[in-house]
Amino acid sequence: MKPLFLAGQWRQGRGAVARSVFPADGSLNAEFSTASIDDVEEAIQAAHQAWQEPSWRNSLPVERARVLYKVADLIEQNVTQLAALQTRDNGKPLAETRGLVMSAAATARYTAACLETLDTELTNARSKDWLTMSVHEPLGVVAAITPWNSPIASEVQKLAPALAAGNAVILKPAEATSLIALELARLFEEAGLPCGLLSVLPGKGSVVGNAIVQHPLVKKISFTGGTSTGRQLAHIAAERLISTSLELGGKSPTVVLADADLDLAVNGVIYGIFSSSGQACIAGARLFVHTQVYDAFLQRLVAKTQALRVGHPEHVETQVGPLIDEKHLSSVDAYVRQAEHDGGQILVGGHRLSEGELAKGSYYAPTIIAGLSNQATVCQEEIFGPVLVVLPFEDEQDLVQQANDSVYGLAAGIWTENYRKAWQLARALDVGTVWINTYKKFSISTPFGGFKESGVGREKGRLSIVSYMQQKSIYMGLNTQPDPWCEG
Ligand code: NAD
């Protein structure tokens, strides 16, 4: 049975035994041990001690950066094994998991470079009596809690800046993807991260996750996952007066204007919703198409969707893999049945796939639904599956109103040849990221996060390290004379 990683030691957790299962065929990847409440306590106490060690607390940025550069190199050197492991954990096709692993390496390297160039600010050059400056200091122990859909990328996005800032981190990965998180711990260990600064504690969110975020020594919750879990954690953080960063769900709109390059747009829309089998927070799940091109666009969209290669995630030709598990497949299917009940017309898909080797896994056909309004349940709730709802529009004011009529505000896509119009639309949409004539592309230096119920705070970018620090202002008196207030 796989051990967990607790304060530099590989040992059996004292919680229940858990299983990692390959979503493509239900075969067992491995059994692993989960943490008990006592394990959580031990890991947090060790983390608290480790981050205060002078060798870490007073370490130079260049020393912490060295660990992250090494982690980046190790991730890259192990890309094939890590991608294979992540595919076994969550069923994403290999081409995608390879991309996620490389993105994790890039994050570690970028964060190291930012750390080396982070400035301390002199805040007042106007007074002759004193000098003031603002320095950033670590928070202490950070809880990093992650979902199963893009684990290694989301995990490094938290671990790299939190450790760069001089904190210690307790990582609680999603139950389904604990193996890849443990492998990541091995690479941080090999890179020379001092003992205690990182523990990886698999287990249930309601038990292990809850014990971590409630612990008095935890000073920040960095969470990626569903909005309802994020809301619960925000309540706990508010009660404890600690900071959070919350990367939550989405129901992102994509807009095809009448002058769009339809071939480009069709490919972008399909990639935006059906890659990762739609199990992406940024999936472009609501598609608004101008009435002038609606029929022509839908014809191409349906034809291309029908031609997608759904299959085993380890086969190179596969474009769409299985869903994470049967429970999730039932939830996706229930949404599709709800759409039918609400008057929706299924243009393609709308059922599970079970021919040949697909019978062993949780495969769902890429699905397109038309004939509903933006008020329909499938337009308002996050399905997290390969389901696209298409809505025609004519008036751009009305389009903006509909696109923004959502509790979510994570991302949006715009397809048009008119960049002036695209700019205006981009500014009018209430979302954290807008892609124009592209979709689901990421630059590590560009901040990412949501508006509205899609999140609080931003990850990536130069300021990610600072988000794991607190500011301290220091005044240094320059006067050689006593203060007149005390005289006499
Ligand atoms: P989830 O909220 O069910 O779980 C996420 C993590 O939180 C898991 O590790 C889980 O064990 C833990 N958790 C659950 N309850 C907890 C509790 N009470 N206390 C502490 N930890 C707890 O989400 P999921 O199903 O794993 O992931 C899918 C969701 O994640 C989707 O809504 C998706 O949109 C979102 N997501 C968002 C982003 C983003 O960057 N905005 C990225 C990926 C996924």
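The values are calculated or read from the model by the stated rules, or taken from the named source; none is laboratory data. From a predicted model like this one, the values you see are computed outputs, not experimental measurements. Because the Cβ atoms are built from the backbone with ideal geometry, glycine has one as well, and the counts that use them run over all protein chains shown. In case anyone asks, the SASA skips ligands and DNA or RNA and just uses the protein heavy atoms, side chains included. Shrake-Rupley method; radii C 1.70, N 1.55, O 1.52, S 1.80 Å.
Here are some notes:
- Helix 326-341 vs. the chain, principal-axis angle (Cα, 0 to 90°, nearest 10): 50
- Of the solvent-accessible surface of segment 253-436, computed with a 1.4 Å probe over protein heavy atoms with every protein chain present, carbon and sulfur atoms account for 48 percent.
- Nearby aspartates and glutamates by direct alpha-carbon distance to Lys70 (threshold 18 angstrom, same-chain neighbours under 8 apart not counted): Glu116, Glu155, Glu183, Glu189, Glu190
- Percentage relative contact order, segment 345-461, counting C-alpha pairs under 8 Å, at least six apart: 18
- For the chain, the residue among Asn374, Leu131, Thr305 whose Cα projects farthest onto the positive side of the dipole built from Cβ charges is Leu131.
- Taken per residue, the accessible surface of segment 253-436 reaches 41 Å², heavy atoms only and a 1.4 Å probe.
- Total charge dipole magnitude, the chain, about the Cα centre, Cβ charges on Lys, Arg, Asp, Glu only, Debye to nearest 20: 600
- Accessible area of segment 75-120 belonging to carbon and sulfur atoms, whole % at 1.4 Å probe: 56
- Amide proton proximity set for Leu391, modelled H, under 5 Å, gap of 5+: Leu287, Phe288, Val289
- For Lys421, no lysines have a Cα closer than 19 Å to its Cα, not counting residues fewer than 8 places off in the same chain.
- Partner aspartates and glutamates whose Cα lies under 18 Å from the Cα of Lys360, excluding those fewer than 8 positions away in the same chain, are identified as Asp25, Asp89, Glu314, Asp325, Glu326, Asp333.
- Span from the segment 286-323 Cα centroid across to the segment 369-431 one, whole angstrom: 18
- Gyration tensor verdict on segment 399-457 (Cα atoms; rounded if a/c is under 1.5, prolate if a/b is larger than b/c, oblate otherwise): oblate
- Where a label projected 7 Å from the Cα of Ser55 along Cα→Cβ would reach, residues of segment 190-208 with amide N under 18 Å: 190-199
- Karplus (6.51, -1.76, 1.60) ³J(HN,Hα), θ = phi - 60°, over segment 173-189, in Hz, Gly and Pro reported as x: x, 5, 3, 5, 10, 6, 4, 5, 5, 5, 5, 4, 4, 4, 6, 5, 4
- Each 20 Å bin from zero up to the one holding the largest Cα-Cα distance in the chain carries the following percent of pairs: 23, 52, 22, 3, 0.
- Residues Asp129 and Arg240, FRET efficiency given R0 of 30 Å [Cβ-Cβ distance, rounded to 0.05]: 0.15
- CD proxy at 222 nm, helix term only [per DSSP H run n ≥ 4: -39500 (n - 2.57); per residue of the chain; nearest 500]: -12000 deg cm²/dmol
- Relative contact order %, segment 253-436, counting alpha carbon pairs below 8 Å whose residues are six or more apart: 28
- Against the main long axis of the alpha-carbon atoms of the chain, helix 94-116 sits at an angle near 30°.
- Relative contact order, percent, the chain [alpha-carbon distance under 8 Å, six or more residues apart]: 18
- When Leu217, Leu28 are compared by accessible surface with a 1.4 Å probe, the order from highest to lowest is Leu28, Leu217.
- Within the chain, longest stretch clear of exposed trypsin sites (Lys or Arg not before Pro) (DSSP loop, no more than 11 other Cβ within 10 Å): 129-308
- Those GluC sites (Glu not before Pro) in segment 400-488 that DSSP places in a loop and that have at most 10 other beta carbons within 10 Å: Glu487
- Residues whose amide H lies under 5 Å from that of Gln470, counting only those 5 or more places away or on a different chain, are Glu137, Leu139; hydrogens are built 1.01 Å from N in the peptide plane.
- Across segment 253-436, counting alpha-carbon atoms alone, Rg and Dmax equal 15.8, 49 Å.
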